[in-house]
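Every read-out reported here was derived from the displayed coordinates using simple, explicitly stated rules and does not represent laboratory data. Everything quoted here is computed from the prediction, not taken from an experiment. Using ideal geometry, Cβ is built from the backbone for each residue, glycine included, and neighbour counts are taken over all protein chains shown.
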Amino acid sequence: MGGTGLARLSDGQRACLRLVFHHMSSKDIARELNISPHTVDQRIKVAMQHLGATSRVEAAKLLAAHEHADPYQSVVYHSSDIADPGHVVEGSGAPEQVERTSDIPEKMVGDGGRTTVQTPSSAPLPRRNPWPFPHTAGDVNTLSTTERLAWIAMISIGSALAFGMILAGMDALSRLV
């Protein structure tokens, strides 16, 4: 391996390996870096070849050891889907008076002298869908385990009843003929 393998890594490969070191999947890494999961896999594959590693975790550990990263990571999984709470800005609500804290586009919501700045991640959540299938675009299926099991049981019972009705109907037709 040596220092030559590490020197040949691109910035993108290093970024991917750092996130692998933090136990992120290719999809999570792609979402974090705004690239496709295929690109993530290709960067990691090439980095593994440069480092002579047999797995993506081994390659990530080699890079972390070179960069003197902390080998102890948080035992808490931090989802990238956690919403940032909206913050309140006092004043007239004019966008030029609001200091932006990130590059995320914001939406101004005002009620008189108080204006709430909402980023897309703190926007109101979509309506909860109680059915096991989506009705409209944007519906989120957030059924609990109990609700999912109840739906499975209802669909199974309904299928059995429908099949029994079909068999009864076919039996009645065969007696008529």
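Can you tell me which of 149-158, 28-37 comes out highest on packing, and rank the rest after it, using the mean Cβ neighbours within 10 Å?
Working: 149-158: 11.2, 28-37: 15.4.
By packing density, highest mean first, the sequence is 28-37, 149-158.
If you take the beta carbon distance between HIS38 and ARG8 as r and set R0 to 25 Å, what does 1/(1 + (r/R0)^6) give as a FRET efficiency, to the nearest 0.05?
On the way: r = 21 Å, r/R0 = 0.86.
So, using R0 = 25 Å, E works out to roughly 0.70.
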Once the piece of chain linking ILE166 and ASN141 is laid out straight, how much longer is it, given 0.36 nm per residue of separation minus the C-alpha distance between them?
5.8 nm
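Suppose R0 equals 35 Å; then what is the FRET efficiency for SER174 and TRP151 from their Cβ-Cβ distance, rounded to the nearest 0.05?
Values: r = 35 Å, r/R0 = 0.99.
The pair SER174/TRP151 has a calculated efficiency of 0.50.
When Lys and Arg each count +1 and Asp and Glu each count -1, what net charge do the other residues less than 14 Å away from GLN13, Cβ to Cβ, add up to? Walk me through the numbers on the way to the answer.
Working: positive: ARG8, ARG14, ARG18, ARG43, LYS45, ARG56; negative: ASP11, ASP41, GLU67.
Net charge around GLN13: +3.
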